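Novice: Before anything else, here's the structure in question.
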Amino acid sequence: MEPVETPIVPNELNFAGIVERVVPLVAELFATLSSRNPLRMHFADIANQTLLDMVEVLRHDGVSQEAIAASLGLTINGFRAKVKQLRERYRDRVPLDEERPPSLPRTLLERVFSFIEDQRGERGVTYAQLQEAFRSVKADSLRGVLHFLVKSGLLSVSGSGRTRTYRVVHRAASGPGVLDAMVLLFREGPLSIGALAQRLGVTERRAQELLDRVGTAGRLVSAPLPDGLQGYRVTEYHVPVDSPEGYEAALFDHLSTVIRAICKKVRGGQHQATMRDSNGGATFSFDVPVGHPLLGEIRAFLPNMRTTLDDWLVRSVDAAAAAPDAECERVTIYIGQMTEDLP
């Protein structure tokens with residue numbers, strides 16, 4: 001009797017399993033980034049905005065409202081009401097008149113910090129005063145918030161007991177800068193002033209200031225949008241190695257490029273790697289004994305590639321400038337390197 005071979009069914013991939021394994025990684029990323037900016041740990045907002053973004057991507061991919069509603073355990077009317085509420089909350093905010101719309105809930109962290117910050121005097125605010133101001137907050141929660149703000153370097157504390165005093169540790173203001181605007185306009189442009197402000201989470205006045213700075217650098221191009229609004233895009237940008245600015249922009253650019261490359265490959269049905277690929281990535285891990293000459297060779301990959309990529313960047317800019325009317329193709333390369341000590 002001849003053996004029966006089990007047929008291999010192509011493209012029967014467990015993408016749901018990938019989603020389940022990716023979600024904890026995304027959660028770790030969100031938590032890590034948020035912990036570096038304690039006053040903006042709006043995890044409820046992250047969940048709601050993520051839901052809205054996912055719904056809109058699914059709708060763009062042709063998934064019906066009924067199917068999405070069923071996956072959320074909602075009736076079609078409940079689904080529509082939920083989406084309408086989220087759109088009003090997170091999308092319909094253009095033009096922005098404030099850095100943060102008052103309709104969004106403020107966390108206890110923000111409320112406590114703002115209360116202390118509003119007391120401009122050098123004397124600060126005592127714990128007794130905070131207890132009085134936040135009578136509805138449980139004592140454990142208030143103490144936990146204060147401890148976290150002190151540990152994060154946002155507050156200083158002196159004294160003890162009910163008379164211990166908290167003061168704001170003033171730090172240089174931070175927020176989206178010109179490089180953040182350039183990345184968005186390069187990757188997603190053309191964008192209107194309102195859309196740029198929305199994506200950066202700043203006022204339209206601030207978005208205009210950033211546009212003016214991009215224009216001064218000679219990299220801004222105007223482009224009309226289908227809805228009749230004026231749009232803008234950026235022809236090029238670069239965050240140099242060792243630059244004291246642009247870290248946030250570089251993080252966003254790298255992550256967004258990796259994610260979009262994965263989405264493009266999955267949506268295109270390319271579920272295997274070949275040596276002919278022009279889209280995709282590769283990941284290799286090397287366990288090398290400490291002190292072996294190969295270790296130094298492998299660890300040099302990142303600086304060597306940065307040197308090569310910088311050279312290609314300069315040459316590509318020169319080539320485009322020499323043939324301004326030529327049709328161009330954009331090739332985006334993303335690389336990374338991580339070292340770990342093995343037990």
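Novice: Return the FRET efficiency for the residue pair Ala322, Asn279: r is the Cβ-Cβ distance, R0 is 30 Å, and the value is rounded to the nearest 0.05.
Specialist: So, using R0 = 30 Å, E works out to roughly 0.65.
Novice: Next question. Between Gly161, Gly281, Gly215, find the one with the highest GNM mean-square fluctuation for the chain; connect C-alpha pairs within less than 10 Å.
Specialist: Result for the chain, Cα springs under 10 Å: Gly161 fluctuates most.
Novice: Return the Rg/Rh value of region 108-168, two decimal places, where both radii are evaluated on C-alpha atoms and Rh is the Kirkwood radius.
Specialist: 0.90
Novice: Quick check: residue separation of Leu255 and Glu340 times 0.36 nm, minus the Cα distance between them. What number comes out in nm? Could you put the intermediate results ahead of the total?
Specialist: Numbers: separation 85, 0.36 × 85 = 30.60 nm, distance 2.07 nm.
The Leu255-Glu340 span can extend by a further 28.5 nm.
Novice: Continuing with the same structure: Taking only C-alpha pairs under 8 Å that are 6+ residues apart, what is the relative contact order of region 230-343 in percent?
Specialist: Value for region 230-343: 23 percent.
Novice: Report the local net charge at Arg213: Lys and Arg +1, Asp and Glu -1, summed over other residues whose C-beta lies under 14 Å from its C-beta.
Specialist: Net of charged neighbours comes to -1.
Novice: Go through region 17-67 and name the trypsin sites (Lys or Arg not before Pro) that are in a DSSP coil and have 11 or fewer other Cβ atoms within 10 Å of their Cβ.
Specialist: Answer in residue order: Arg36.
Novice: With the cut-off at 1.5 for a/c, could you classify region 15-90 from its C-alpha gyration tensor as rounded, prolate or oblate?
Specialist: Note, shape of region 15-90 comes out oblate.
Novice: At q = 0.09, 0.11, 0.15 Å⁻¹, what log₁₀ I(q)/I(0) does a Debye calculation on the Cα points of the chain give, no solvent, two decimals?
Specialist: -0.75, -1.07, -1.52
Novice: Using the beta-carbon distance between Leu225 and Thr332 and R0 = 30 Å, what value does 1/(1 + (r/R0)^6) give for FRET efficiency, to the nearest 0.05?
Specialist: 0.80
Novice: Could you identify which residue out of Arg267, Arg206, Arg123 has the top mean-square fluctuation in a GNM of the chain using Cα springs shorter than 10 Å?
Specialist: With Cα springs under 10 Å in the chain, the top fluctuation among Arg267, Arg206, Arg123 is at Arg123.
Novice: Still on this structure: Quick one: which residues, 5 or more positions from Gly231 or on another chain, have an amide H under 5 Å from its amide H? H modelled 1.01 Å from N in the peptide plane, none for Pro or chain starts.
Specialist: When sequence neighbours closer than 5 places are left aside, the close amide H contacts are Ala223, Leu225.
Novice: Val241 to Arg213: extension gain in nm, 0.36 nm per residue of separation minus the Cα-Cα distance?
Specialist: 8.0 nm
Novice: Taking the Cβ-Cβ separation of Glu132 and Glu88 as r and a Förster radius of 30 Å, what is the calculated FRET efficiency to the nearest 0.05? Walk me through the intermediate numbers first.
Specialist: Values: r = 36 Å, r/R0 = 1.20.
Efficiency, rounded to the nearest 0.05: 0.25.
Novice: Do you know the relative contact order of the chain, to the nearest whole percent, from alpha carbon pairs under 8 angstrom that are 6+ apart?
Specialist: 11 percent
Novice: From the Cα gyration tensor of region 174-271, with a ≥ b ≥ c the square roots of its eigenvalues, which class applies: rounded if a/c is under 1.5, or else prolate if a/b is larger than b/c, or else oblate?
Specialist: It comes out oblate by the Cα gyration axes.
Novice: Grab the other residues whose beta carbon is less than 14 angstrom from that of Asp341, score K and R as +1, D and E as -1, and report the net.
Specialist: So the environment of Asp341 carries a net charge of -1.
Novice: For the chain, find the longest principal axis of its Cα atoms and tell me its angle to the long axis of helix 108-118, 0 to 90°, nearest 10.
Specialist: 50 degrees
Novice: So what's the angle, to the nearest 10 degrees on a 0 to 90 scale, between helix 204-216 and the longest Cα principal axis of the chain?
Specialist: On a 0 to 90 degree scale, this one is about 50.
Novice: Test of understanding: in a Gaussian network model of the chain with alpha carbons linked when under 10 Å, which of Gly291, Gly194, Gly17 would top the mean-square fluctuation ranking?
Specialist: Gly291
Novice: How much mean residue ellipticity at 222 nm does the chain get from its helices, if each DSSP H run of length 4 or more adds -39500 (n - 2.57) and you divide by all residues, to the nearest 500 deg cm²/dmol?
Specialist: The per-residue figure over the chain is -16000 deg cm²/dmol.
No lab work stands behind these numbers, since they all come straight from the coordinates. Because the structure is predicted, anything quoted here is derived from the model rather than measured. FYI the Cβ positions are ideal-geometry reconstructions off the backbone, even for glycines, and counts take in every protein chain you see.
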